[in-house]
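Presented below is the structure to which this report refers.
The values are calculated or read from the model by the stated rules, or taken from the named source; none is laboratory data. What you see is a predicted model; the values in this text were computed from it and never measured. FYI the Cβ positions are ideal-geometry reconstructions off the backbone, even for glycines, and counts take in every protein chain you see. Ligands, DNA and RNA are excluded from the accessible area calculation, which covers all protein heavy atoms including side chains. Shrake-Rupley method; radii C 1.70, N 1.55, O 1.52, S 1.80 Å.
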Amino acid sequence: MILPVEFATPEYDELVALRHEVLRRPLGLEFRPEDLAKEHADLHLALYGEGYELLGCLLLRTDPDRPQTAVMKQVAVRPDVQGKGIGKRLVADFEQQSRAMGFSEIDLHARLTAVPFYEKIGYECYGEPFQEVGIPHRSMRKTL
């Protein structure tokens with residue numbers, strides 16, 4: 001089941017721990033408190049398994065300069081369930097929630113290793129590759 005998670009709750013802390021394990025630790029990075037503080041207004045979504053164990057998460061951020069665009073960030077799937085459709089389910093729910101909230105486009109920064117995943121589900125690259133958190137990324141988007 002996919003559920004929203006409130007900022008600064010034990011469930012939110014669990015999402016941050018998963019994101020750290022999957023996205024930050026492999027790069028030798030830590031979350032800074034000031035970065036996490038910016039997430040108070042974001043929509044955090046978590047996918048839980050049958051035993052209420054966290055399988056994956058992501059967040060939706062709005063951009064005041066692009067009010068019709070939902071920004072997808074921090075997509076993380078537990079390593080032992082990667083490749084089993086968890087990411088696809090998370091993104092599909094994100095798209096559904098974004099439509100319901102009135103967004104007409106989704107934008108994200110994808111690590112180069114994740115670009116094929118997003119292309120398979122209808123996202124397209126735009127702009128030039130760039131470095132973020134010390135590794136190559138591409139800007140991607142999808143019209144809803």
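For ALA37, are the conditions met, namely being small (Gly, Ala, Ser), over 12 Å from the mean Cα position of the chain (by Cα) and either within 21 Å of THR9 (Cβ to Cβ) or not in a strand (DSSP E or B) (or both)?
yes
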From the list GLN82, GLN97, GLN74, exactly one residue is closer than 24 Å to GLU14 by Cβ, in contact with a Cys (Cβ under 9 Å, 6 or more places away or on another chain) and not hydrophobic (A, V, I, L, M, F, W, C). Which is it?
GLN74
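Collect the residues in the stretch 15-52 that are among the basic types (Lys, Arg) and open to solvent by 80 Å² or more (accessible area, probe 1.4 Å), keeping them in residue-number order. Even if it seems obvious, please write down each step before you answer.
Here is the first cut: in the stretch 15-52, the ones among the basic types (Lys, Arg) are 19, 24-25, 32, 38.
ARG25, ARG32, LYS38 - these are the residues of the stretch 15-52 that are among the basic types (Lys, Arg) and open to solvent by 80 Å² or more (accessible area, probe 1.4 Å).
Quick check on this structure: which one of VAL16, VAL5, VAL81, VAL22 is within 22 Å of TYR123 (Cβ to Cβ) and touching a helix residue (DSSP H, G or I) at 6+ places or on another chain (Cβ under 9 Å)?
Working: VAL16 fails: within 22 Å of TYR123 (Cβ to Cβ); VAL5 fails: within 22 Å of TYR123 (Cβ to Cβ); VAL81 fails: touching a helix residue (DSSP H, G or I) at 6+ places or on another chain (Cβ under 9 Å).
None of the other options fit; the residue is VAL22.
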Output the strands (runs of 3 or more DSSP E) that fall wholly within the stretch 53-144 and possess 1 or more residues being open to solvent by less than 20 Å² (accessible area, probe 1.4 Å) and farther than 22 Å from GLU6 by Cβ, or say none.
66-77, 105-111, 135-143
Only one of ASP80, ASP63 is over 26 Å from LYS142 (Cα atoms) and not aromatic (Phe, Trp, Tyr). Can you tell me which?
ASP80
